[in-house]
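Inspection log for the structure reproduced underneath, given as structure tokens.
Nothing in this text is a laboratory measurement; each read-out follows from the coordinates by a stated rule. Note that the coordinates shown come from a computational prediction; the quantities given were computed from them, not determined experimentally. Backbone-built Cβ (ideal geometry, glycine too); neighbour counts: all protein chains shown.
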Amino acid sequence: MQTPTTTTGAGIHVRRTPRPVLALSFAALTLEGYDLIMYGTVVPSLLSYRAWDLTPEQAGFLGSLAVFGMLLGALGSGALTDRIGRRWTMVLSVTVFSVAMGLCAVATSPGQFGFFRFVVGLGAGGLMPTAVALIVEYSPMRRRSLNTAIAFAGVGIGGAVAGLLAIAIVPAYGFRAMFAVGLAPLIIVLPLLLRFLPESVEYLRARGREEEIREVIERHGLEIDHESVHGPLDSDVAEVPIARGTQLRTIFGRDLLVTTLLFWVGTFLCLLVLFGANAWLPALMVKAGYGLGSALSFLLVLNLGAVLGTLAASPLADRLGSKPIVAAAFLAAAVSLSLLALRPPTAVVYLLVAIAGVGTTGTQILINTYVGTSYPTASRATALGLSLGVGRLGGVLGPTYGGYLLATGLPVSGQFYAYAMPALFGCLVVLAIPGAKRNQATTEAGSHA
């Protein structure tokens, strides 16, 4: 039986994903996950840092700045990759967020600290879509979703590492030491990216760099089709670029407009809960009476739940369809957060926090796949980019929302309910998305237009 292959825009057949692409993307996203999620581990320390005397609202705003930076970084990543390529965009992104983490560790004022957190977000925002694009290009068709899920599991693992390190570091050394650890990518991952990460073949071909294409093919054991690197695209399997105006007309056309808007709302709600929970869970647990070490351990469990739950849910989504699984994940977040408001025994709290991880980070990964399968191939990247762009506004709001809730003096139970409500609403939004049959028909029609 012949092994299935994927043909990229450069006429290259991929039977097996090159290990450096998946491994280094996973490593970079793990470090990005640490840099973004670790903020929640230092919020209690920031609030008790007398030199800055931060209010909960100010701490929430500082947490939102990184997500705002991600929004701008993601919007600018397309133009950057067109100019310098996907490989160098990933290298630059890792360098930027690593250096900015080190600068956060030595910031002398909240203003400096906030600016450097914004720069962390710029680097992180540029890395995520670039890594996904490179993984998809170098993956066989049958493994694209799985490889993307594996790479994105790195974000949750990075958050889990942040929670684990925080238990030992924050009580003894404070928030600055946690940011200093963020310099690690410059020493560990950056040299490996420079040495082993291949450039996008599509990018190289667009610039006529045939010798570099042949070098990539030979190094990673890829197959070149019989038309040679210069040959025409295989129209049966290659994606043919179309005008951006045509993409937008498809996305906002009569058949997909409702789907598009509902995806935007769902992504907005998911990222609001995700970034709000990651930023404020330890502080809420401290307020609920847990010691700082125990409170930090909940963030570790939240992200471990996200990783394990996503890897378990992804095959179910492939088998049953994305819609019921995404709706169930949203509902799991709403139920688990509501039950946390009842202050159950500690063992039950850990279980509920793990389920909340599946319903936050896990939900977002599943939504990305759902969006990708709901649009024609030529419009898929644009649809996903718009969904994430609008959705990140929810991520910007999430930490600020939590800071406002804390500042109002709302009881801990009320704050958990306040995060459960948007998760429940997200479940209803997903259930309202038009059925797969209609979207599939639209997709096929769009693909043949």
Of the range 264-296, those with amide N under 18 Å from the point 7 Å along the Cα→Cβ vector of Ala172 are 292-296
Two-site label geometry, Leu192 and Ala79: point separation in nm, points 7 Å out along Cα→Cβ
3.3
Calculate log10 I(q)/I(0) of the range 13-170 for q = 0.16 Å⁻¹, where I(q) comes from the Debye formula with a single equal point scatterer on each Cα and nothing for solvent.
-0.88
Overall dimensions of the range 325-395 by Cα: Rg and Dmax, Å:
15.3, 51
Sorting check: for 391-397, 50-56, which peptide has the highest mean count of neighbouring beta carbons within 10 Å, and how do the rest follow?
391-397, 50-56
Assuming 0.36 nm per residue, please report the length gained on full extension of the stretch Thr373 to Glu210 beyond their Cα-Cα distance.
55.4 nm
Where labels lie 7 Å past Cα in the beta-carbon direction, separation of Thr408 and Ser109 in nm
3.2
Average projected area [Cα convex hull, the range 160-219], square nanometres:
6.1
Can you tell me the mean projection area, over all orientations, of the convex hull of the range 64-132's alpha carbons? Units nm², please.
4.1
Which of the peptides 398-409, 118-129, 322-333 is most tightly packed, and how do the rest follow, going by the mean number of other Cβ atoms within 10 Å of each residue?
118-129, 322-333, 398-409
Compute the distance from the alpha-carbon center of the range 299-375 to that of the range 50-113, in whole Å.
27
From zero outward in steps of 5 Å, how is the percent of C-alpha pairs of the range 247-306 spread across the bins?
4, 17, 17, 14, 11, 9, 8, 8, 7, 5, 2
Apply the Karplus parameterisation 6.51 cos²θ - 1.76 cosθ + 1.60, with θ equal to phi minus 60°, to every residue of the range 94-105 and state each ³J(HN,Hα) to the nearest whole Hz, in sequence, with x for glycine and proline.
4, 4, 5, 6, 6, 4, 5, 5, x, 5, 4, 5
For the range 103-196, which semi-axes, largest first and in whole Å, follow from the square roots of 5 times the eigenvalues of its Cα gyration tensor?
30, 16, 13
